[in-house]
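I have placed the structure first, in the form of structure tokens, so that the comments after it can refer back to it.
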Ligand SMILES: *Cc1c(COP(=O)(O)O)cnc(C)c1O
């Protein structure tokens, strides 16, 4: 459910014509819907309202400050994976006591900064990391609150690059070694064990993997309780999928209905870490058709957005629906929609049946709010593109388009080359 719909012949972002935004702010352009973001956050918050919980939005899906601010104002927490994300979360007003910190490669400096900020907990991914956190906390004469990220060995049936909860993945601690790691953690002087965490992958469109993974984690939790661990937080990760093509993923309430009975009566706070399901369908990428080109038995629509602006098709072979911003009767063509980057992997769609468009027209790449801007780069020396938030009839620039000076700002020429 989102608020990008045609009204008559024009695609609208809430109550603003997309064409008007493209003309005002230029293309390529990311547009986010305030109403959609709000609705998606509320869907989680409502689904779990009867159980103590914190929704910790996964910043890596989209870390624009305005998006974070909107979520912070509604009581959202953060799931971070770097010092940069800690900085962004705090800056947006997300309270430290609602921040959880995941990632397999936390550096000493990042750990120190997170301890200084007094985040809720570190989601620890290895024994080495546990010892490092203990050491850093010791130096700071404090105790580090931690959960262990447990790999429940569940196949989330998603793309291999975004599946994380199986034995062969680099993430978390194997469920078979969980108990010994918990015992180790409780023996470390500067560690306070307070949670269990799992996250099995992304773009999961079925309920079963969530139920299976939680069931396994609860067996572990019971053992931990028996050994008198004081586990306060159960973090079930993120990973709920969205509709890109014709997927019919469950909504948060569907999942809550299955998960809550499993944890009912337990004296814990539930944490969830949704990313994509909050921002994915709340954003579109608007791009202009530059050229049409007939190749050998193939047609190309060449647009001004490249793989550096939206990497998902190139990286994951991901599908995004692409629609013309102006709706009219059109014949259909089969075409590759490609960007200006000098790489064969630079495409938004391949062999796609789309409405025939002309040079200068705008296309909307749907469901681009998650892992779009946050994964973008300056490859081919293309400045970062602009982002706009629409709220009803209001539209605001929430990230200015980059310029050429930005590209070289941090570079330096050695003296001997001057
Ligand atoms: C990426 C990630 C998330 C968010 O995943 P989505 O699929 O975007 O919901 C949550 N938790 C962890 C640990 C992650 O790595």
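Can residue 79 be described as touching a strand residue (DSSP E or B) at 6+ places or on another chain (Cβ under 7 Å) and either within 30 Å of residue 388 (Cβ to Cβ) or not assigned by TED's automatic domain parsing to the domain that holds residue 145 (or both)? Against the criterion (touching a strand residue (DSSP E or B) at 6+ places or on another chain (Cβ under 7 Å) and either within 30 Å of residue 388 (Cβ to Cβ) or not assigned by TED's automatic domain parsing to the domain that holds residue 145 (or both)), residue 79 qualifies.
Scanning the stretch 104-115 finds one or more residues that are surrounded by fewer than 21 Cβ atoms within 10 Å (Cβ to Cβ), modelled with pLDDT under 95 and within 16 Å of the ligand (Cβ to nearest atom). The numbered conditions (1) under 26 Å from residue 336 (Cα atoms); (2) without any contact (Cβ under 8 Å) to a residue 40 or more places away in the chain; (3) loosely packed, with under 15 Cβ neighbours inside 10 Å are all true for residue 291 except (2). Report whether or not residue 359 is exposed (fewer than 15 other Cβ atoms within 10 Å of the Cβ) and at pLDDT below 95. The answer is no for residue 359.
Note on the stretch 136-172: residues that are modelled with pLDDT of 95 or more, touching a helix residue (DSSP H, G or I) at 6+ places or on another chain (Cβ under 8 Å) and surrounded by 15 or more Cβ atoms within 10 Å (Cβ to Cβ) total 7. Return the residues of the stretch 195-226 that are touching a helix residue (DSSP H, G or I) at 6+ places or on another chain (Cβ under 9 Å), away from the ligand (no atom under 12 Å from the Cβ) and within 30 Å of residue 322 (Cβ to Cβ); say none if nothing qualifies. Hit for the stretch 195-226 is 207, nothing else. Whether a residue is within 21 Å of the chain's Cα centre (by Cα), closer than 26 Å to residue 23 by Cβ and either assigned to a loop (DSSP other than H, G, I, E, B) or assigned by TED's automatic domain parsing to the domain that holds residue 57 (or both) was assessed, and residue 364 does not pass this test.
The values are calculated or read from the model by the stated rules, or taken from the named source; none is laboratory data. Being a predicted model, the structure only gives us computed values, none of them experimental. Cβ: placed from backbone, ideal geometry, glycine included. Neighbour counts: every protein chain shown.
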